[in-house]
Each structure stands twice: as C-alpha cells, then as structure tokens.
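I have placed the structure first, in the form of structure tokens, so that the comments after it can refer back to it.
The values are calculated or read from the model by the stated rules, or taken from the named source; none is laboratory data. Here the structure is a predicted model, which means the values were calculated and not measured. When we count neighbours, we look across all protein chains shown, and the Cβ atoms used for this are built from the backbone with ideal geometry, even at glycine. What goes into the accessible areas is simple: the full protein's heavy atoms, side chains included, and nothing from ligands, DNA or RNA. Shrake-Rupley method; radii C 1.70, N 1.55, O 1.52, S 1.80 Å.
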Amino acid sequence: EIHIKEPIEKEVNPRLLPGELLLCEASTVYKYIQEDGSNRGTCGKLVCTNFKIAFLDDDSASDDNEPQFKNKIVGENDITLQCVDQIYGVYDEKKKLLTGQLRKYPEKLIIYCKDLRVFNFCLRYTKEEEVKRIVSGIVHHSQTPKLLKRLFLFSYASAAPNNTGKYGRNQTVMFDTLEDWRGELERTKGNAKYKAVTTNEGYRVSEKLPLYFVVPICVSEESILNFYHLVNVFLQIWCWSCHNGAALLKMSAFPKEQDDITSETQKAFLDGICKTISKPPYELLKMDDLSSSLPSLQDIQTAYTRFKQLFLIDNGTDFWATDVKWFSLLESTNWLEIIRRVLKKAIEVVECLERQHTNVVLIEESATDLCCVISSLVQVMMDSYSRTKSGFQSLIQKEWVVGGHSFLDRCNHLHKSDKEEAPVFLLLLNCVWQLVQQYPPAFEFTETYLTVLSDSLYVPIFSTFFFNSQHQKDTNTSGETLKTQSGPFRFLTVWDWSVQFDPKAQAFLNNPLYAEKPKPDKSQRKTSCFRHQRQLSLPLTQTKSSTKRGFFREETDHLIKNILGKRIGKFINSSEEPPNSFREFYDSWHSKPVDYHGLLLPHIDGPEIKVWAQRYLRWIPEAQLHGGGTIATAAKILDLMEEVQSLQVKMDEEHSQAI
C-alpha cells in the first residue's frame, strides 16, 4: 500500500559539484526502509552523475533535520561511483548480479557499497524508458572499466582550480620536496648515517621510486643509477630511525632468474651498503622477507571479501539469521587472524629495533604493500609523533602516497582487473584501530577519524588515494590537455578536512581525552635523554651483544649469498633468537604501567583483537547500542570541554579587566 504525498511545488534537483554533470535520472522511485521487513519507503528521484548516484526525496530539499556529523561532499543518500561494490537486480523475487549489457530490466535494484551501506530501490512504478536509462546508466558508469583521465578527479580539478593546494603545508608533511625528507631525518636523528638524495629527479632512475628518498650515507648517487639500470629493484630505502640509532629500511626482492654478472653486481653493492650502515664494529642487519612470514595479498583479499559479507545485510531478518552463528562465521573469514598476524610481525620488528638495537630491512616483491603496513605500524607503536593527527597524516604521505602504494590498482578504482585488488590500506587502518581502542589517551585522533579516512578512499575529488605512484600523478597533472583558464591545476589533498566537514563536525575527529606530551622545563632539559628507559624492558647481556658486534666481518659473504639465494626465508629463520624471546619481550612490556608517549605494544591474544564496530556495524539498525555507546560518550565529553573552554575565556576576561 503506497500513500503518495501531495506533489510539492518546487522540484528537487541534485546539488552538483564543480565539473559534475547529470547523466540520467528516473522519477517515482521508491527507496525501501528495510529495518522491519515491511515494504515501507520514501518516494523520490534517482539520479546518476559523473561523480555519484543520488536519491533525492522531498526531505532533501529541507535542511530541518540536519545530522550533527554531516559530510559536505557526500550526503547520506549519495553513493560515489567508486564506492559502488556490486549491483543486483531483482526479477520475480530472484536476485541477479548486474554487469555489462542488460536484456531485461529489473523491478528492484539493490546497491551494495564499499563503505558497507545497502540501498534498495523499487522501480515498479517508474516509466519503462526511465528504468532502462537509469539502470543501464548506473551499471555502465560504476562497473565498466575506465580510463584514468575519465575519473571525476580530473573534471573537478579543472572546474574548481582555485581551491587547491592551500592546505597541508603547515601541518601535514607531504614528502614531495627534499626539505621534507631532510626534516624527517633531523627529527628522528637519522642524519648521522643516512642522507636524502636527488638521484631520481625527473624520474631518471625509476618511475616506481619517489622523486626524493633516503639511503645510507655510503651509497653514491652514481652507484644508485648503475644498480637500477642493471636490476630494476628497490635498493634499501630508509623508513625511520629509532632513538638508539637502529633503523628500519625496506627493499624489493630480487628477481628469481638472473645471470651471473647481475648477481655479482648485486653482491658487491649490498656488501658495500651492509658494511657501511655504520662504522666498525658492524651492526647486525636483520633481513625480514614479509612474503614468507605474512599472508599473501590474495589471502587478504579473500578474507576481507568473506568478512564484509557479514555486514552487507539486506534486512532485519537476515541480521537475526546470521546472529546465531556470528562467532563461527567471524572466525571462518580469517580476517581477525590476519590482523593479529600483522600486529605480531610489527611487534617482532619493534623488538629488534628497541631491545636488540638491530637494523631491520623489510623485503617484499614490490616493497609497496605489506612493507607499508609493517613500517607504518612500527612507527605508530614506537614514535608518539605518529600518534598525533598531523604525524599520522605525514606517515601516510611518506610510506603510502609518496612511497608508491598502488591505490588505483589495490582499490580497483578503474575496474580494470580484480586480480590486483586487495584491501591493504584498510588492513593498516584496522590494525591502527586496535591500538586506538586499546590505548585511547595515546592518540590525538579518534576512531571516527579512522572511519572517515576509510570512507575517503572512495571520494574522487582528492588525489591522495587515486594514483599508483608519484610519477603517475605528476605525468597526469602536467599534461597539456589539463591546463585550465588560470594555469595548470593542482589536486586537493584529503588532509584538508574542511572540504568534507565544517568545524563542528571536525571536532569529532579529535580525541578530547588525548594525553598531550608535557613540555619539559628548562631546568630538566639536560636529563631528557633518559625518557626512553621505560621501553628498554629487557637489556641485552654483554656476552650476547659482543658476538653480534663482529657479525659482518666474518659473515658478510654468507649473508649476501643468502640474500641472493632463491629463498631469503631460510636465512631469516636461522636467526639466533630463541623462539620465546618475543613472548618474553611482550609479557615484560605488558607487566609495566603504560607510558602513552613511549613504546606501545598492542594486546594480541585471542579476544583482544576485535571487530571495528563503528565502521562495520554503523548501517545496521539492529546492531546499534541503546544510549549511543562510545560515540555518544565522546559527544558529551566534547560538549563539556567546550563549556570548560568558554568558562576559561570568561575568567581570563574578568582577570584582565581586574588588572
């Protein structure tokens, strides 16, 4: 039974962004409200543009019931084309996946989104011509392979050229200049052993590498060029330096099949690097091949695909049907186990850097997937700067955006190939969320910040997550075709949160209970070098360290042979570390009080790894908590803080008047 409201005088039109074009529309479409299984719904217009699919009902015209946390770019009934996961049509109560050309048009459309929303549209009362246009339009624009230049990113940037590039310089370090890298070296005190190089300016060494990067001081720019032209491999690139001088590096794996000359060159080059990462006595260097110790990208993709099915629920009945088997379904996806394994690997790397003072080199085929996850997690755990909002954003820029993670392929934004797709960046956010919910005062940002960041992966007005490399972005920005009236355009960065949220909504991204770092008094400055003592939970015994000090003199050759061998794994597994040293380190750290500005190790046993409820359950009404849960608490605390601040201002005014 359908009650049609009196037609409204004014027609509801979509709000279009600069560069956004209306492609097709259909009126008298019903959007079902699914929570109670009845066919209640609202009537409106379904439109498709070159940016989004939007449902416009009578309420869209009024701003009376605005939510407190509202996105200015993507409304609650908007789905960006990149956010569409799968589209199903319902024919005579049967669901069928829609792709490519359609012979017959469905009476109902179900759209599953990558941010886990589910939309049900009824087309039974829509004119046949309009149904054909809107269904084929939506399927074509959201599911068929695209050219990069056809992304809305380019239409938006050329139509709105003046709003770009203003933000981010003062807080988020973008790592697109030599100064940014030198600043980071100075901040981590890594400049004693490492230097930033300009060898790749103009991408003359490799298109995969960033324009600027950091290598050991001993490596000459000439040798980098020679090495690259011989083997197209990432050499050891610096990620971060620990307070004790040990560093985290990454490199790509060597090709399996290669000739003798190549092997010899590699051997000589690595020998040189290894010997001079520090002066004698040489430090130990631990090579860690992530492809042998962590799940493959295929495994991660399979696990996530299974996992997200638990939350893409059509209606309340489905929810209660799966609720009975919830734990077994959750376990069978293997997603939480992957998160646990990744966190455990990060703790192992932390132990090498922190307790054994050992340099760690992460190795992976391209050095741009799991290397990014592990190096980011290690920095979040060890460096309190990475737990501030601007520090975390700078970390993502350094390790992921400039570091060459293939966002375009991994998120499958162009629908070119499912084989390349894998939620690697989402895996990082899930791991960071575990830390945020275990140690809230240690982070300047909230879980809402992480949720919004995960949603921004699918908003193509920011360039941050829409290129495979810095080279790809640069070549597509400087093209002659992309000049606008006011000169060449620059893309927006996702770190300008004011584009998506007004100040009141942005307050939800900041943690009101963050334990800020106390500023040291001048009298105490001299002793500040001792602040890391709490982390050195188990000091090395003298005998153990002395054997390792001379490691390279006798064993460089053995090490090189192993690196160049077919399986690096054999070398890694033959480490002298007793297997229980990890457990000892982990338990010893957890037995002491937490220093929110020191080292943080996550709890990784059994039930300690949780589902990120805010991201995955937010659209399921049955799963919501009465009273609002953590987010309602956070809102209350924010209100209280505002009150305290305004009282403080009043008191200051009274005080100054009195004076």
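Need a quick list: helices (runs of 4 or more DSSP H) entirely within segment 566-645 having at least 3 residues that are modelled with pLDDT of 90 or more. Give the derivation first.
Numbers: elements: 568-573, 581-590, 613-617.
Correct list: 581-590, 613-617.
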Can you work out which of the residues in segment 412-431 that are open to solvent by 20 Å² or more (accessible area, probe 1.4 Å) and part of a loop (DSSP other than H, G, I, E, B) is modelled with the highest pLDDT?
E421
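If a residue must be in a helix (DSSP H, G or I) and at pLDDT below 95, how many such residues does segment 377-407 contain? Full working, then the answer.
So in segment 377-407, the residues in a helix (DSSP H, G or I) come out as 377-382, 384-387, 389-401, 407.
Keeping just the survivors that are at pLDDT below 95 gives none.
Going through segment 377-407 one residue at a time, the tally reaches 0.
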Among the residues of segment 598-613, what is the count of those that are open to solvent by 40 Å² or more (accessible area, probe 1.4 Å) and not aliphatic (A, V, I, L, M)?
6
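Answer yes or no: is there a residue in segment 299-321 that is basic (K, R), touching a residue at least 12 places away in the same chain (Cβ under 8 Å) and at negative phi. Break it down into steps so the answer makes sense when it comes.
Of all residues in segment 299-321, those basic (K, R) come to 306, 308.
Cutting the leftovers down to touching a residue at least 12 places away in the same chain (Cβ under 8 Å) gives us 306, 308.
Now drop any that are not at negative phi, which leaves 306, 308.
Yes, the conditions are met somewhere in segment 299-321.
Can you list the helices (runs of 4 or more DSSP H) lying wholly within segment 284-356 that have 1 or more residues being open to solvent by 10 Å² or more (accessible area, probe 1.4 Å) and closer than 30 Å to C122 by Cβ? Break it down into steps so the answer makes sense when it comes.
Details: elements: 290-293, 297-309, 316-323, 326-333, 335-354.
Result: 297-309, 316-323, 326-333.
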List the helices (runs of 4 or more DSSP H) inside segment 432-519, counting only whole elements, that have at least 2 residues being assigned by the TED database to the domain that holds N200 and either among the polar types (S, T, N, Q) or modelled with pLDDT of 95 or more (or both).
447-456, 470-477
Note on segment 615-659: residues loosely packed, with under 11 Cβ neighbours inside 10 Å and at positive phi are G627
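What are the residues in segment 174-202 that are assigned to a loop (DSSP other than H, G, I, E, B), open to solvent by less than 30 Å² (accessible area, probe 1.4 Å) and out of contact with any Ser or Thr (no Cβ under 6 Å at 6 or more places or on another chain), if any? If you could, list the steps in order and put the result at the bottom.
So in segment 174-202, the residues assigned to a loop (DSSP other than H, G, I, E, B) come out as 174-177, 188-193, 198-200.
From what is left, the residues that are open to solvent by less than 30 Å² (accessible area, probe 1.4 Å) are 174-175, 188, 190, 199-200.
Selection gives M174, F175, T199, N200.
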Looking only at segment 256-266, decide whether some residue is in the same structural domain as S376 (by the TED database), surrounded by 20 or more Cβ atoms within 10 Å (Cβ to Cβ) and either modelled with pLDDT of 80 or more or more than 30 Å from N412 (Cβ to Cβ) (or both).
yes
